[in-house]
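Taking it in order: structure first as structure tokens, then the write-up.
Values quoted throughout were computed directly from the atomic coordinates according to the rules given, and no laboratory measurement underlies them. All values derive from a computational prediction rather than experimental measurement. Glycine also receives a Cβ, built like all others from the backbone with ideal geometry; neighbour counts cover every protein chain displayed.
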Amino acid sequence: MNEEIDSLIENKEAELLPFISRMEELKVEFTKETAAFVSEWYRKTAKDYITKSPEVTLGLTEERIADMKADVNDLITNAEKTVHKELDNPALWWHIQPRLRESIERYRQVADKFPEVLDRAVRRSLGRLGVVLEKFGFRVTASGCSGTYFEFWFERVGRLETVPLYPHLLKWTDAMQDTIRQYDGQYVEAAEIYCEIQELKSEKKKLEALTRWDSI
């Protein structure tokens, strides 16, 4: 009986492998698309704040403006590294750390509501700009300090620790959305197969326990 279950497990694991492989490809694709989005977003949003708060901009010396531009350019240059730091977290991706009892809607998109687990990582990448804006006197706080009428570009991850995070309305690119729709489709099917594998393994353990009981 155990040999039959072992064969079933082996077949199911072979069935799961192509899904895992494709999901890894989609993760890499999404990371690349997000890096391109974040890089351009830094450039555009920095200019938006420059014009949205002219009194702050005009109050800066030419040297300070040059310093700010340099900081923004550093963000743009390092956008890929920043995004990788956020999106390479294995906990974000089911195919890297498969789990039972995970919500079937974990990667589901509804209109402009994106999967929270990934949207937060994207927003953390964008939040790096808030650090620059705060440094140069714009009414943004990304360091966790509160102030009247300031935009709070951070989230608390502990009693004392905070992480920069972009808080406003955000829309992913069409490419990012399409990639995660594909990932979601793979996830739904892969999770079902994984559940079947775990049920077979559980049944095998029960049979082994019963066999040991009967043998003594």
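The gain in end-to-end length when the Glu4 to Ile104 segment is fully stretched comes to 33.0 nm, 0.36 nm per residue minus the alpha carbon separation.
Determine the relative contact order of the chain: mean sequence separation of Cα pairs under 8 Å and six or more apart, normalised by residue count, in whole percent. All intermediate terms of the calculation are to be shown ahead of the outcome.
Working: 222 pairs, mean separation 59.7, N = 216.
Taking the mean separation of contacting Cα pairs over the length of the chain, I get 28 percent.
Considering all C-alpha pairs of the chain, those separated by over 24 Å amount to 55%.
In the structure shown, the pairs Lys27/Lys204; Lys85/Lys205; Lys81/Lys135; Lys27/Lys52 are assessed against 29 Å; a Cα-Cα span above that value is assigned to Lys27/Lys204; Lys85/Lys205; Lys27/Lys52. Under 26 Å of direct C-alpha separation, and excluding same-chain neighbours fewer than eight residues apart, Lys201 reaches these lysines: Lys12. Spin-label pair Lys206-Val157: with each label point 7 Å from Cα along the Cα-Cβ axis, the two points sit 4.1 nm from one another.
The packing ranking of peptides 67-77, 190-200, 33-43, 93-103, highest mean first, is 33-43, 190-200, 67-77, 93-103, where packing means the average number of other beta carbon atoms within 10 angstrom of each residue.
Springs between Cα atoms under 10 Å define the GNM used for the chain, and in it the highest mean-square fluctuation of Tyr187, Tyr49, Tyr107 occurs at Tyr49.
A Förster distance of 25 Å, applied to the separation of the beta-carbon atoms of Trp213 and Gln97, puts the FRET efficiency at 0.15.
FRET efficiency for the Glu55 to Lys81 pair, using the beta carbon distance and R₀ = 22 Å, is estimated at 0.05.
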